[in-house]
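Every number in this text was worked out from the coordinates using simple rules, so none of it is lab data. Remember, predicted model here, so these are calculated numbers, not experimental data. Cβ coordinates were reconstructed from backbone atoms using ideal geometry, including for glycine residues, and neighbour counts include every protein chain displayed.
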């Protein structure tokens, strides 16, 4: 819940930023001077890229949250029995010991979004955020393909 609130706060701050930058961009372009018009255009483009990136992250978060709820309802989430640091993160050595089980599950069922999701959680517990996000994206892709095939 705390992460969701943080994401919403960041999105609101971004929206405020975009409004202020848009106002400045319009003011710069209204001057009629070449360099100021170019700066105004740049002020329009860069915040749009930032808005796209944050929108993509919010969508990723919403989709992963949906899959967590589905797996939890099915009883398919991994049991959280790893020892933790004071920060709440699992101890990497303990997480690394569990990792081969989830990797083998994906190798046995490469089209299972559930297996990919659990692998993403295992990567995250091991501290490999890049691979965790990649596995979670694959899980989302497979889930959407499965849902589309059923429709």
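Against the chain, whose longest principal axis is taken from its Cα atoms, helix 34-74 shows a tilt of about 20°.
Highest mobility in the GNM of the chain, judged by mean-square fluctuation with C-alpha springs under 10 Å and restricted to 123, 17, 102, is found for 17.
Pop the C-beta distance of residue 137 and residue 38 into the FRET formula with R0 = 35 Å and round what comes out to the nearest 0.05.
0.45
What full-extension length gain, to one decimal in nm, is calculated for residue 12 and residue 107 as 0.36 nm per residue of separation minus the Cα-Cα distance? Intermediate results must be reported in sequence, preceding the final value.
Values: separation 95, 0.36 × 95 = 34.20 nm, distance 4.11 nm.
Value of the extension gain: 30.1 nm.
Given a cut-off of under 8 Å on Cα pairs at least six residues apart, what relative contact order in percent is computed for the range 2-74? Once normalised by length, the contact order is 24 percent.
Computed per residue of the chain from DSSP H runs no shorter than four, each worth -39500 (n - 2.57), the mean residue ellipticity at 222 nm is -28500 deg cm²/dmol. Prolate is the label for the range 1-40. Its Cα gyration tensor axes, ordered a ≥ b ≥ c, give a/c of at least 1.5 and a/b above b/c.
Sort 21, 9, 68, 106 so that the residue with the fewest other Cβ atoms within 10 Å of its own Cβ comes first and the one with the most comes last.
9, 68, 21, 106
Helix 129-150 and the longest principal axis of the C-alpha atoms of the chain enclose an angle of approximately 80°. Residues 72, 128, ranked from the fewest to the most other C-beta atoms within 10 Å, line up as 72, 128.
How large is the convex hull of the Cα atoms of the range 2-74 per residue, expressed in Å³ as a whole number?
Cα-based convex hull of the range 2-74, divided per residue, equals 60 Å³.
With respect to the chain, whose longest principal axis is taken over its alpha-carbon atoms, helix 92-108 is tilted by about 80°.
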